């Protein structure tokens, strides 16, 4: 499901459902969330983050923590929280981030196996609502 601001028709927030879910320290599984579009400021701040300075691989966790505005009942999402994501969920969030911030909608070329007709179709991520 895509959430639009009624005062601004530009879609800036996108609902998602994690394939497995983030398990917090209490054992609660958080699967439903909302991701907003990233800003230039998000990118700049992420590159300055202390963890990213030491470990550049940490960049995606910092970026995701800044743009995920809701995840289950968690009040905030930190990069440290996201360290506990299952790899399937991290891959899902990474793809969603790239899709909404860089390419809009991903199109795939396909061919009907019966008639041979070629067509374009939207890539739909597992768990996307």
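Being modelled with pLDDT of 90 or more and touching a helix residue (DSSP H, G or I) at 6+ places or on another chain (Cβ under 7 Å) is the filter; apply it to the stretch 87-120 and report the residue that is surrounded by the most Cβ atoms within 10 Å (Cβ to Cβ).
Among those residues, the one meeting the criterion is 93.
Test of understanding: among 64, 123, which residue is surrounded by 13 or more Cβ atoms within 10 Å (Cβ to Cβ) and either at pLDDT 95 or above or within 19 Å of residue 14 (Cα to Cα) (or both)?
Details: 123 fails: surrounded by 13 or more Cβ atoms within 10 Å (Cβ to Cβ).
64 is the lone residue from the list that is surrounded by 13 or more Cβ atoms within 10 Å (Cβ to Cβ) and either at pLDDT 95 or above or within 19 Å of residue 14 (Cα to Cα) (or both).
So for the stretch 18-25 (the condition being surrounded by 11 or more Cβ atoms within 10 Å (Cβ to Cβ), over 24 Å from residue 72 (Cα atoms), at pLDDT 90 or above and in contact with a helix residue (DSSP H, G or I) (Cβ under 9 Å, 6 or more places away or on another chain)), does at least one residue qualify? Working first, answer last.
Taking the stretch 18-25 and keeping what is surrounded by 11 or more Cβ atoms within 10 Å (Cβ to Cβ), we get 18-24.
If we keep only those that are over 24 Å from residue 72 (Cα atoms) as well, we get none.
No: the stretch 18-25 contains no residue that is surrounded by 11 or more Cβ atoms within 10 Å (Cβ to Cβ), over 24 Å from residue 72 (Cα atoms), at pLDDT 90 or above and in contact with a helix residue (DSSP H, G or I) (Cβ under 9 Å, 6 or more places away or on another chain).
Let's see how each residue does on (1) touching a strand residue (DSSP E or B) at 6+ places or on another chain (Cβ under 8 Å); (2) in contact (Cβ under 8 Å) with a residue 24 or more places away in the chain; (3) assigned to a helix (DSSP H, G or I):
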residue: 22; (1), (2), (3): yes, yes, no
residue: 33; (1), (2), (3): yes, yes, no
residue: 43; (1), (2), (3): no, no, yes
residue: 46; (1), (2), (3): no, no, yes
residue: 53; (1), (2), (3): no, no, yes
residue: 81; (1), (2), (3): yes, yes, yes
residue: 88; (1), (2), (3): yes, yes, yes
residue: 96; (1), (2), (3): yes, yes, yes
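The values are calculated or read from the model by the stated rules, or taken from the named source; none is laboratory data. On a predicted model such as this, the values are computed, not experimentally measured, just so you know. Please note: Cβ atoms are built from the backbone with ideal geometry, for glycine as well, and neighbour counts cover all protein chains shown.
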